[in-house]
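Shown next, in structure tokens, is the structure this report addresses.
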Amino acid sequence: MEVKLKEFAKSQGVDIVGIAEPSAIPDYFPERKLEVVLPNVKAVVVFGIRMLWGSISNSNYQVATSHTNATYEELHGITYRIGRYMETLGYDAASIAPHIPVEMSKETKGLSGEISLRHAAVGAGLGVLGKSRLLITKELGPRVRLGAVVTNAPLKGDKVLYYNPCGHCKACINNCPSGALSDKGTNVTKCFLHLQPHGLGNYGKWLRELDASDSEKWDKAFSSTDFWNYYQAQSLGMYYNCFKCLTSCPVARPRVSQ
Ligand code: B12
């Protein structure tokens, strides 16, 4: 069943695919239990699709964001079709969101997926967690977006990768423009505020400064490019402005610049 499933996944356009048994997935915080996603879970099928170098290394963020959205849309479809394949074999399948929705609670602060796809990918033998906290694969470096299907099919897990492609370089840390990455780990807030300048953090501040009693200020606020960018970020659901930890990593990098 494992070989046929992987062949099916490849036929749907995935570049890498592996299977993780729950016990092979490293612990992480905040803890997310697989059973909450699917009772009687036996395996997680994890897969990735490549990011286009010309898009993520592009200084035009409309181009880069459009590509990010395209990869997530693609993963939604692939995840559904792999799940449907498992269910035609008679098993249950729960597909995991590749990015949103995430739980918006005080505990998780909207920064924690239903499961951590990077940790699941490590358990499926697809790569290791690098200094950037991204999954580093030998085939595509970190430039791979991940998806997963949790199933009660009794699938045999793949072997965890035995060597570390991340190595000793610190390109991701040295090239992180927000200072979020360091030897001590990742400052998620710093990353988030830089990555999504028109995301929830800054949008809240902008809203608080609105003053409806002063019509001049009010008009100025709504004719500002800040407002237009918040509007676009809201309607798109996201707006990523940084790809440096992806483009600076030398592992399997196609080119240094465009
Ligand atoms: C929320 C989220 C973010 C947040 C938080 C990042 C983070 N460190 O978790 C923000 C918006 C900042 C973000 C940024 C990015 N993301 Co993101 N993100 C996610 C998402 C939806 C959930 C991640 C998660 O569950 N994290 C929680 C834990 C497991 O993260 P952790 O880093 O291992 O550990 C941190 C926490 O424990 C944290 N921590 C410590 N104490 C506490 C307390 C609380 C309350 C919380 C919440 C956290 C916390 O500190 C640790 C160190 O950072 C996943 C999709 C998914 N479901 O997995 C994509 C995902 C991880 N993102 C991805 C990508 C590509 C990015 C970006 C490159 C953006 C971009 N341009 O595309 C950057 C990279 C940032 C980086 N170097 O870490 C990819 C990674 C692919 C890969 N090859 O590894 C994923 C898997 C999406 C996908 N489908 O491919 N992301």
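Under 5 Å between amide hydrogens, which residues at least 5 positions from Val144 or on another chain qualify, with H placed 1.01 Å from N in the peptide plane?
Amide H neighbours of Val144, under 5 Å, 5+ apart: Met51.
To the nearest 0.05, what FRET efficiency results for Leu52 and His76 with a Förster distance of 22 Å applied to their C-beta separation?
In this case the efficiency is close to 0.80.
Expressed in nm to one decimal, what extension gain is obtained for the pair Ser178 and Glu87 from 0.36 nm per residue of sequence separation less their Cα-Cα distance?
Here the segment from Ser178 to Glu87 would lengthen by 28.4 nm.
Taking H placed 1.01 Å from N in the peptide plane, check which residues at least 5 places from Asp15 or on another chain put their amide H under 5 Å from its amide H.
Here Gly48, Ile49, Arg50 satisfy the definition.
Using a 7 Å offset from the Cα along the Cα-to-Cβ direction at both Cys169 and Asn69, what is the distance between the two label points in nm, to one decimal?
According to this spin-label approximation, the distance is 3.2 nm.
As a test question: what accessible area, to the nearest 10 Å², does Phe222 have when a 1.4 Å probe is rolled over all protein chains in place?
Only protein atoms counted, so the area is about 70 Å².
If I stretch the segment between Leu210 and Lys109 completely, what's the gain in nm (0.36 nm per residue apart, minus their alpha carbon distance), one decimal?
Going from the current span to full extension adds 33.9 nm.
Note down the magnitude of the dipole of the chain about its Cα centre, charges +1 on Lys and Arg C-beta and -1 on Asp and Glu C-beta and zero elsewhere, to the nearest 20 debye.
Computed about the Cα centre, the dipole is about 880 debye.
With the cut-off at 20 Å, tell me which of the pairs Lys6/Lys244; Lys106/Lys244; Lys6/Lys159; Lys170/Lys190; Lys138/Lys170; Lys109/Lys170 have Cα atoms farther apart than that.
Beyond 20 Å between Cα atoms: Lys6/Lys244; Lys106/Lys244; Lys109/Lys170.
Based on alpha-carbon atoms only, what is the radius of gyration of the range 171-247 relative to the globular estimate 2.2 N^0.38 Å?
Working it through for the range 171-247, the quotient is 1.36.
Compute the semi-axes of the equivalent ellipsoid of the chain, taking the square root of 5 times each eigenvalue of the Cα gyration tensor, and list them largest first in whole Å.
Rounded to whole Å, the semi-axes are 34, 22, 17.
Which residue fluctuates most in the GNM of the chain (Cα springs below 10 Å): Met51, Met86, Met104?
Checking each option, the largest mean-square fluctuation is seen for Met104.
Taking springs between alpha-carbon atoms closer than 10 angstrom, which of Lys138, Lys244, Lys217 fluctuates most in the Gaussian network model of the chain?
Lys217
Set Lys and Arg Cβ to +1 and Asp and Glu Cβ to -1, take the dipole of the range 103-258 about its Cα centre, and tell me which of Cys245, Gly110, Gly204 lies farthest positive.
Cys245
Which whole-number percent gives the relative contact order of the range 171-247, counting Cα pairs below 8 Å spaced six or more residues apart?
In percent, rounded to a whole number, it is 39.
Tell me the angle of helix 61-88 to the major Cα principal axis of the chain, expressed in degrees between 0 and 90 and rounded to the nearest ten.
30
Under 10 Å, Cα contacts only: if you run a Gaussian network model on the chain, which one of Ser116, Ser178, Ser223 comes out with the highest mean-square fluctuation?
Looking only at Ser116, Ser178, Ser223, the biggest GNM fluctuation is shown by Ser223.
Dipole size in debye (nearest 20) for the range 2-151 around its Cα centre, Lys and Arg Cβ +1, Asp and Glu Cβ -1?
400
Give the accessible area for Trp228 in Å² (nearest 10); use a 1.4 Å probe, count only protein heavy atoms, and leave out ligands, DNA and RNA.
Here the accessible area works out near 140 Å².
To the nearest 0.05, what FRET efficiency results for Asn40 and Asn241 with a Förster distance of 41 Å applied to their C-beta separation?
Efficiency computed from Cβ-Cβ geometry: 0.50.
What full-extension length gain, to one decimal in nm, is calculated for Glu7 and Lys138 as 0.36 nm per residue of separation minus the Cα-Cα distance?
Full extension of this stretch gives 45.2 nm more.
Below 12 angstrom from the Cβ of Pro254, what's the summed charge of the other residues (Lys, Arg +1; Asp, Glu -1)?
That works out to +3.
Tell me the GluC sites (Glu not before Pro) within the range 88-147 that lie in a loop according to DSSP and have at most 15 other beta-carbon atoms within 10 Å.
Filter output for the range 88-147: Glu103, Glu107, Glu139.
Of the accessible area of the range 2-151, with the probe set at 1.4 angstrom, what percent is carbon plus sulfur?
The computed percentage sits at 52.
Return the aspartates and glutamates within reach of Lys33: Cα separation strictly under 18 angstrom, same-chain partners fewer than 8 residues apart disregarded; answer none if there are no such residues.
Within the straight-line limit of under 18 Å, Lys33 reaches these aspartates and glutamates: Glu21, Asp92, Glu103, Glu107, Glu114.
Counting only heavy atoms of protein chains, what accessible area per residue, in Å², does the chain have with a probe of 1.4 Å?
54
Only Lys, Arg, Asp and Glu count, each charged at its Cβ (+1, +1, -1, -1), so figure out the dipole size of the range 147-220 about its Cα centre, rounded to 20 debye.
For the range 147-220, the charge dipole is close to 480 debye.
The values are calculated or read from the model by the stated rules, or taken from the named source; none is laboratory data. The shown structure was predicted, so the numbers you read here are calculated from the model rather than taken from an experiment. Ideal geometry is used to build each Cβ from the backbone, glycine not excepted, and the neighbour counts take in all protein chains shown. Accessible surface is based on the protein model in full, side chains and every heavy atom, while ligands, DNA and RNA are left aside. Shrake-Rupley method; radii C 1.70, N 1.55, O 1.52, S 1.80 Å.
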